[in-house]
Each structure stands twice: as C-alpha cells, then as structure tokens.
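All remarks here apply to the structure that follows.
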Amino acid sequence: KCEGKTCSLLNNQFITQNIIVRKSKKFEQCETVVPLEDPIITESTSTLQEWGVLWKQLYVKHRVELFQKLRHVMSELMDLRRQLISGHMTQEQSREVKRHITLRLDWGNEHLGLDLVPRKEFEMVDPDQFSVSDLYKMVSAWQSCPTDCFYSKNTNKLPHLCWLHLYLKFEKDQKSEGLFRRGRMLLNDSKKGPPHVQYRRPYGCAALAMSDVFSSITDPREEKDFVLKIYTCNNESEWYQIHENIIRKSSTKYSAPSTNYGLIVSLQLFRGDLDTLRRENHLMLSRGVTLTRKLGFPDVILPGDSRNDLYLTLERGDFERGGKSVQKNIEVTVYVLYADGETLKDCISVGCGEPSVSEHHSFVLYHNNSPRWSESLKLPIPIERFRGSHLRFEFRHCSTKDKGEKKLFGFAFTPLMREDGTTLLDECHELYVYKCDENTTFSNQGLYLSMPCCKADLNSCPAIPASFPFQRSNKESFSISTLLASTKLTQNVDLLTLLKWKANPERVLDILGRLRLISGEEIVKFLQDVLDTLFSLLDDNIDKYGPLVFQSLVFIINLLRDPRYYHFRPVMDAYTHNQFAGALAYKELIRCLKWYMDRSAEVVRQDHIQDAMRALEYLFKFIVQSRALYSRATCGLEEEQFRASIQELFHSIRFLLSLDGRNAETLVVTQAALLNSFPDIFDELLQMFTVQEVAELVRGTLASMPGTVDIGQSMDVVKLQSISRTVDSRLFYFPESRSILLPVVLHHIHLHLRQQRELLLCAGILSSIFSILNTSSSCVQEEVEMMVESLLDVLLQTLLSIMSKSQAVENNQSQRCPQCTAEITGEYVSCLLSLLKLMSELHFHHLLNNFHSKDELKEFLLKIFCVFRNLMKLSVFPRDWSIMRLLTSQIIVTTTRYLTPALHKNFSDADFDFKVWNSFFSLAVLFVSQPSLQLESLSQVKRKRILDKYGDLRVQMAYELYSMWQKLGDNKPHFTPGMMGPFLGVTLVPQTEVRNIMIPIFHDMMDWEQRKNGNFKQVEAELMDKLDSMMSDGKGEENHRELLLEKMEQETWRETGVSFITSVTRLIERLLDYRDSVRGEETESKKLGANIMNFYKCEITKEDMYIRYIHKLCDLHLQMHNYTEAAFTLLLYWELLQWSEQPLRDLMQYPAQSQWQRKETLSRKILHYFNKGKCWEYGISLCRELALQYEMLYDYHSLSWIRKMEASFYDNIIEQQRLEPEFFRMGFYGRKFPFFLRVSSFPQLLHIILPLLTSSAHLILKHGDTVPYYCRLMHLKIGAPYV
C-alpha cells in the first residue's frame, strides 16, 4: 500500500530519494510509503494537480472571474511551495509561509466545491489518530476562519484621536532635532538681539493622524512617505496647546506660513513583539533605531522590566514685571544636583535618540510674564543617587538689547525624595520662587535646601530670617508636574514602613489593615520584598499577626488576577519555589482557610470568604511549599498531623459545597468562587500525596456537590465548568486516578443530560474525555465500559430530542430554540460517534447481554437505528465535511455489524418483531442510498483515496442487509411488497456489486408472492410504481434493464413470470428514454409522455400512473404554449370521470372530493385552455354538457356563466381571425431511433418541424450508425384524413 506519492510539478517524475518505507500499523502485511518532505509540500503538490483539471473546466464554463482568481492563487501557491522547498528560512518564516499556503488551499477548495481539510498546525490530520470529537472541533474551527483574507486589505484603523506630534527645529548647521528653531528672538527682525546669542523659540507644529497611517500601509514590508503640513501659532501664548488646536481643527488659533512648508516622514509598520522584530529585521533595526518607552508604566507590567525614570514637565510660571515697561522673556534652566552640590552629569534627556545633558534650557516666549511651556523631560537618575538629589530651576530674563544678556532674577527647587524615604508624588507641584540676582552663587546648597520649597513644607521648615540671602517672592510661583516610572522607588509611606517593620513594630497591625489602600503598581514592584515581610511576621508572632497576614496574602494574590498584573504570576511562582522560606506558615494558612469555610453558613457578608476562595491556588502553593520546607528541616516530623489537617480542610470544603444556596445569593457566590479555584490545587496536592490519594479527595469533593434539581442555573454552569477543568487537568491523565474520578464525572453529566440542561458544557466535557481516552497509552477498556453503561442510552435519547427540536425549528422558522442549534447537534453526534468508535466487540457483547428484558433491548435498538437514520436524513455535517461524513458512515457500518446478531437472536421466529426489523432495513436502505457515498460522481483521485482507506461502505452494508434478509426465514412475507420500493432504491445505486447482492432479494419476494397468491400482482404493482417515481428522480442507468432481466430469467418460475418480466422491461425502457429526453429539453418528450401514458392505460391498467402522465404531458404542452393540445390531453382524464357523487381521494393537486366536483373543475380548466388556444368549436360541446348539469341542479348562477361563455365562443368564431395551421406528418423508421419513435408517424405543426429534425439528428448520432434508418416527412392538407 503506497500513500503520499511525491511528484515534481516540473518534470512529473517520482522522487525516489525523498521517501521512506515503514510497516503499516493497521495492516501488518502491508507497507506504507511515507514522504520525507514536508506534508504541506506534498498536499500543495497534489492539490495543484487536482486544481489544474478543474481550472480548465472553469474556462470552458465561462466562469471568468473565478478562473482568473484561481490562476492567481495557483501562481502564489507555486511560489510559496518553492520557498518552502528551498529550506533557507527560519522556523518563524516557515510557519508564516505554511499559514499562507493553507489559507490559499482552503480558499481554493471552498470555491471549487471540494472537501474541507481538517488541520492541526497547518498539516492534514489522520482521522485514525484523533477522536471524532477532536476532528469535529478541528473542522469547525478551520471553517470559522476566513479564507478570503489575502484578497481584502487588512486595515487596522485606530481612533482619530491618536496622533503623531512632530515639532520642528531649525539650526544654522541644519541639524533637525524636531522641536523648535534656534536663533534670534524674532525670526524677521535682525535688531532683536546680537547674532551670537541663541534662543530656543517655538516655530511650528505638524500633526499626522495615525488612522491615516494604518489605513495607508497595507503591506508590512512597505515603506511609505507622508507629508506633514507645518502650522504656526497665531498667539504665542497659545503655543502649549497648538497640537490640540490642530487636531480639533480650531483654525482661528493657527495658520500656515506657506503652502510649501511641510515635512516628509517615511514610515514603515512592523507587527509583533520587539525581540522577534529585531531578530527578523536585524540589519534594518540595528542602525540608529531608538526605542521609545511609554510615559509611565504600560497597561501590562512585565516582570523583570527594570526602570528608574522621573518624567518632569515644566508647566507654567507667574512672574512680576520687575519695574520694566514690557513683560519679560523668561528662560528656565534645569539642573539635577546631589546633596553636596555636585551637578549630576548627563541626567537630563530631552528626547529619545538625543544625547543626555547636564542642564536644560527651556524655550523662550516673547514678552510673557505668565508663560506656559508644557515641556517634558526625562530624568534617568541612578538609583543610588536618587536619595539626597534635588532639582533646581533658575529663571533668567533674556534681553533683546545689544548685549543680549541673560539676567538671573530667581530660582525654585524641590528635593526628589522626602525625609520618610518616599519620592515626589505623581501630581502637579506649585513651587516657591526665591529672589536672587546675577551675582548670586549656589556654592552652599544647605542655605536654600533648608527653606520650604512649596506650601507642603512650610510648616516643617523654620522661618526665614530677614538677613537671609534668599527671600521668597510672594507674588511669583512656578509649577511643575512629575511622574515616576520606577521599579525600585515608592511613593507610598505605608508600604515603605511595612518593608522596614522592625524599625516601627508598633505600626505593623495598623499598616496591615490598610494594605488594601496601597496602589497595585506599588505592591507588584516590591512583590517579593512584601511577601518576605509578611512571612517573616508570621515567623515572629503567628498568633498576633496570623489573621491579618492571611488577609494580606489573599489581597495580594487576588491583585495578580487583575489583567494589568497578571504577568507577575510567574514572579509569584518563582518566589514560591526559590525564595519562599516560611516553614511554619502552613499551619496558620490551613487554620485560617478552614475557619473561613466553616463560618460560611453563618456569615451574611462573605466578601472576605469569597476572596479567600479565589486565592485558593496560591494559598495551597504556600501551604505545600511551607510543609516541604518544614519536613526537610525536621526529617518528616508531624506528617500525620499535616495529613489529618488536609483531610479536615477537605471536610470543610465539602461542607461548604453541600450547603443549599438557593435562598442565599452570597453563599452561591462563595461556592462558585471555590469551584472556580478548586481544580487549580490539584498539581500542588500531587507534590505531597499519591495520585490515588488526590483522586479520592477530589472525588469526595465532586460527589458532595448537589444535583441539578437542587441548585440554580448559574451554579449549575459553575459546577460543570469545574468538572470540565478537572477533566482537563493533569490529574485526569493518570489512568489510576481516572478510574476513580470518571464515575462521579459521568454521574453529573448523566443527570444533566437526563434533564436537558447545559448541553454545550456537557458536550465539551465528554469531548475532552474522549480525546484523553483516544490518546491514552494504557488500556482503556474499563473506562469505555463505564462510559457505555452510564452514557450510551442517555446520549441516544438526548440526540433524538435535539433532532426532533431541530426539525420543529426548521418547520417553523419563527421559533428560536437555543438548544436546537446545529452546534449542539454536531457536538453530540461527534460524542456518540467517539464512544462507538472506542467500543470493541467485547463492549457490544456486554452491552447487549446486560439488558434485563427484550423490551429494553428493543427500545435500545429502535433508538440507535433511529439516530443513525436521522444522521443520514438531516444535514448534521455540511457537504464539504467529507472526512466527517465518511467516518460517520464507517462507524455506523461497524456498529450495525455488532448489533445485528442480537437482532436476529432475540427477534426472530416466534419472537419476531416487525418494528425492529423494519427499522434496520430502513437504516440499511438509507445508508446505501446516501449521496456522500456515491463515489461514481467523484474524481478518480478522490475515489481511489476513499476506497483505499474505507473501502466501498455501500457494499459492506448491502452484504449486511442481504445476510439479515436471509435470516428472516418464514417472516419474509411481512416485508412483501412493503420493502419493494426501498430495496429497489438500493438496486438503482450505480454500483454493480450492490445490484448483484440485491437482485436475489427481489427473487425471494416474488417466490413468496407466488407461493401465497399464485401470481405477482402485488409485487408488480409496487415495483412499477416505485420504478416510475425513482427513475423520474434520476436513479437508474442504461445497463439496469439488462441486469434486471438477466437475473429474473434465471429463476425456476421464469415461464410463469414472462409477462411480468416483459412489462417491467418495457416500462424501464420507456422511463429511461423519457428521462433522457426531458434532461435534454427535447421536444419529443411529449410524444414519449403519451407513449408511457398509453402503456399504463392499455398494457398494465394502472389508472393512477396513467392520470399522472396525463398531467405531465399537459404541463409539457403548456410550456410550449400549445393550449389546444393541453386541453385535449386533460380530456383523457375527464372521460374517466362520471357525473356522480362517488368520493375520490386526494390526488396530486386535487383535494379529496366527489367525481362530479373534480369533473366540473377539469371542465372549467379545459374550457380555459380551448379559449386560449382559439379552438372554440371543441369548447361548445363541453359548455352544453356543463349547462345540462347545472340545469339539473338548478344552479342558475353557474348556468348563467356557462351560457355566457358559450355565447362568447360563438362570437369569437365569427369575429376573431385565426391563421390556418399547416401540419406535416413525420415518420421514423429504423432501430437507431428510440423505442418510442420506431416505425411511427406523428402530425406536427410547422413551427415544431425544425426542432424535431434537429433532435432526431441528435438521437441518430447518440445511438450509433450500425443499422439503416430514414425519416419520412409528408405535407398534410387541411381536412385530409390522417391515419
């Protein structure tokens, strides 16, 4: 057996060096050829070959758009395949190429109507390696992914409020730093200051909407230029908000100096994390690329992110005029100084990518005593120099006179760290301004550091004597704002005091009580230090600090559940395993946990209990680690006491879960919190206990949960979610624990399925169980046996209920039932199939022998057969889910083989049960006839692939059907002739072996009919009726007539069945010819309709079929607007009826009514057609007969109507002009013509002659040229007799 041939698209040669041969797992006598190349390459090769054929067909069918698209996709596929074959890519690049290949493969398969391919990691999966539930999930997930994504532009638009702010600066040396210009005070006035004095002056601002950037850059590799228009501020005092005015489009506050002013920015968009981008774009991102960090901490703080940045913003100032006639031009100089007066070098950063400086000069606003700067700086001060450092701001007036002096007139300062060890708060600080002059020196830092820097320091500092060199200016102030982004420093006094608790032990209790008020950012920055402090407090005095430490631990653990701090959980894990040293903590933690749970039934407000339940995972981590440290230090001392305390703790857990919370909402929340956290403690318990011991603890806990009747719906969901996580946990993967846990899990699922509650959740749990059992390396026979006993029957009942509701919803579209969706149906079908797939012959043997009575067995068989039939009737899986449909059919065949012996053993001979046997036969008929198994319509490659893997499942089921028919014995007459139609449908399947299997069953039916009645009347009637309807539906082929005739003529009663055989054969010939003519839209179909109609009337006397073909022929005439012929056709049925009150059953479009009523209806319709065909002469006689019937009934209203119609017919004959029809007689002679045309002639109107001649030529070509033939055409004169 060879699988996966690898062929080159270039030379179509088999690449022998790229294959290996290994033994097949399924068939020991066979070998499997496995290609060494990547499976994606193999799949793309075979798919391209299959698409090539279909692509040409698209051109022939004029599907131009899809033809062009497919050509484009095939070219891309070949290019991507070439890249993958080269092997010169990183793993990440290979993964991306595979993703693009599979997107295009799935797109092409979808648009070409091919099968959907389930994948895992972009590769096709082997159905034998996965449970049916896993396959269903894969296919569903892959189908939900859009495959047209590479045709649409993927634009991630950001809100319009997100902008890129660019400030421009021009210097004499043409180096652009992107903020301001540097030069004279005024740009257009050379007299304002000497040329050697440079000022930083605001020049212009440009803004670019990031939404425009993301909508324009569609290709990540594309580099695109953007033109930013530069605007200047109309009023310099509004400079601090010019960018906001531009964004808001407040055009009155800014203007463009020139239409030619602008900045061209080249941008390229990258997606992904920074490390990956640097690795994949090393050359591009290693040359002068600057990383800009967020101002402050990001929304998600990552552990190991070490920062110590203080962001300083110069906000505004208010200064006196100082006796001058005009306002000042104020420049602020910023210094960072240490306690000894040393200026810290390179501790001021004016922007990313710019070198750090030791002092910074602000920009100058012209003649403004109340300047507003809003200028931000970053101060990357070393952590060891932070304490004792301070900021000094010096204010200078920039004169515009000839000398251009900058005169110092004041200063302000602020320390970076308070005396209590905390840093400046993140807020706006209004600083005092102290007067000084140009001659002032700051050599003695202590002079001004002893003065208050702001209002908050006023009370703590002594009064300033009048002789002091620095005096505060009461009318002047200077405002700054700070933002600290530090992982080493804190702004919280309580946190600092807690970390240094030994210095102030009397404040510990108070601080522990206020720990919840501390910012989460502050706590996570010092997480390990805080935890060390809390556990050291336990070691110091467990009785005094125990409850408060427990509450603090619960608060910190729950803090890490916040999405902002979730990434710190690995830090907590690392601390627990590497740094934790609280060897005595476990006793207090267990005691507090148990105390909380025991009080849950009494306390009304349970917020603190709920928080403790949510923190259960890390509390158990601390308990286990603490016990491990204690055991290591004491050589296992107090082991029994520890185990006893855990047992008692679990008793409390069970007690809490067993409480009735239907009338206590807070208790329900507590129970839900416990159930949500409960599966998280399994891994910790496994470190201290054996697998069996942990499984017993968990089983007892799950068993303590009340049933579905005793709890509300919300609690029901939480309970199932907890069970689901238990099944997905590592504990459930151990065979020894799974055997303990599985019964209680199945018990809860069984209860839910019985009551039809939370079906999706139950299906998810079952799917996980099947996935584990399917991949388990150990024997799972007992687990499967357990699932069969607990779930098989309830699964069948649930599926029947879901399917019946689904059908009700389809019938009534106005209803909407959430439990009847296709998702639920698919989930439970896959669960049932997964269970049946796992069952072996031994499981079926035990199942069928465990029924207490035959009634129970009968009910089970009827259920499972009914479910199987519904699977084939309902579209549970879409048409392109070929793998799911084939796997379903394979499981049905296998299951049926195991069930039929029990059917034969228990319901045959004296215990014969028609209902069960009929259910089986109906299932077999539906199975063989289902469209997904008709391989003849598939391509040769796909047909071979299916036959190699599954075989022809129709043949397998046909053999099973034949075997069971033979086992019926004397009970065969119960199904004669009732099963004639269904069996005939199986026989008409275009598969020779299936036909050969089924023909003997017809012989048996005829044998039993002959024995019983001495003739074949019932069989004949049923067979002809079903043959007509089935062949009208497109079933049957040319060679079917010979096969049926040959087989029947071999019987011993051949002579007595000659007329029956002849009738059936002639009917088959006529039906096949009629179907071919209708399919080809040939005009001779009317003649063939009349031919079949006469056959039913004259040869076999089947009135119902005769009437049916009367109406078919009438419809054909109406399609060609031959109304007169349609009227004469309906007259054939009219003549069969009498003017009597004999009741008639409903037939086709006619309701149940009397013969008189139906004949009247037909009369009116015939008169209407005569009128439209202008053949009024033939309508007059019918009008007279109707008038006679109305007169006899005294129905004068109808009589008046019919007399008026008769009169109108006379008027039309006299007044209306009619063209004389010209008829020809056509005769067909020779066996090349179809059976119904041979040696026959027909009168035809002139406008029908040419189509008939054309179609006749077509028929001649179709039937060959081995026999002489000719077509005779003769003109008929009006009034000439026609024989």
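The values are calculated or read from the model by the stated rules, or taken from the named source; none is laboratory data. This one's a predicted model, so the numbers in the text were calculated from it and none came from an experiment. Cβ sites come from the backbone with ideal geometry, for glycine too, and all protein chains shown count toward neighbours. To get the accessible areas, we keep the full protein, side chains included, count just its heavy atoms, and leave off ligands, DNA and RNA. Shrake-Rupley method; radii C 1.70, N 1.55, O 1.52, S 1.80 Å.
Checking the Cα-Cα distances for Lys229/Lys378; Lys137/Lys621; Lys594/Lys621; Lys500/Lys525; Lys249/Lys378 against a 25 Å cut-off, the pairs over it are Lys229/Lys378; Lys137/Lys621; Lys249/Lys378. Using 0.36 nm per residue and subtracting the Cα-Cα separation, the extra length available between Leu458 and Glu123 on full extension is 113.3 nm.
Based on the mean of other beta carbon atoms within 10 Å per residue, what is the order of 970-977, 332-339, 930-937, most packed first? Working shown, then result.
Working: 970-977: 16.6, 332-339: 19.1, 930-937: 14.4.
Going from most to least packed, we get 332-339, 970-977, 930-937.
Computed from backbone phi, the HN-Hα couplings of the range 547-552 come to x, 5, 5, 4, 4, 5 Hz, rounded to whole numbers (Karplus: 6.51 cos²θ - 1.76 cosθ + 1.60, θ = phi - 60°; Gly and Pro given as x). Tell me which of Leu836, Ser963, His904 sits at the most positive position along the dipole axis of the range 834-985, charges placed on C-beta atoms (Lys, Arg +1; Asp, Glu -1). After comparing all options, I get Leu836. Lys229 contributes an accessible area of around 90 Å² to the protein surface, as traced by a 1.4 Å probe with all chains present. With a Cα cut-off of under 26 Å and a minimum spacing of 8 residues unless on different chains, the lysine pairs in the range 760-917 number 20. Computed 3J(HN,Hα) for the range 832-837, one whole-Hz value per residue from the Karplus formula 6.51 cos²θ - 1.76 cosθ + 1.60 where θ = phi - 60°, is 4, 5, 4, 5, 5, 5, glycine and proline marked x. With Rh defined as the Kirkwood radius, the inverse of the mean 1/r over Cα pairs, the Rg/Rh of the range 371-468 is 0.99. Heavy-atom accessible area with a 1.4 Å probe sorts Glu110, Glu665, largest first, into Glu665, Glu110. Couplings 3J(HN,Hα) for the range 650-665, derived from phi with the Karplus relation 6.51 cos²θ - 1.76 cosθ + 1.60 (θ = phi - 60°), are 6, 4, 5, 4, 5, 4, 5, 6, 7, 5, 7, x, 5, 10, 10, 5 Hz, where x marks Gly and Pro.
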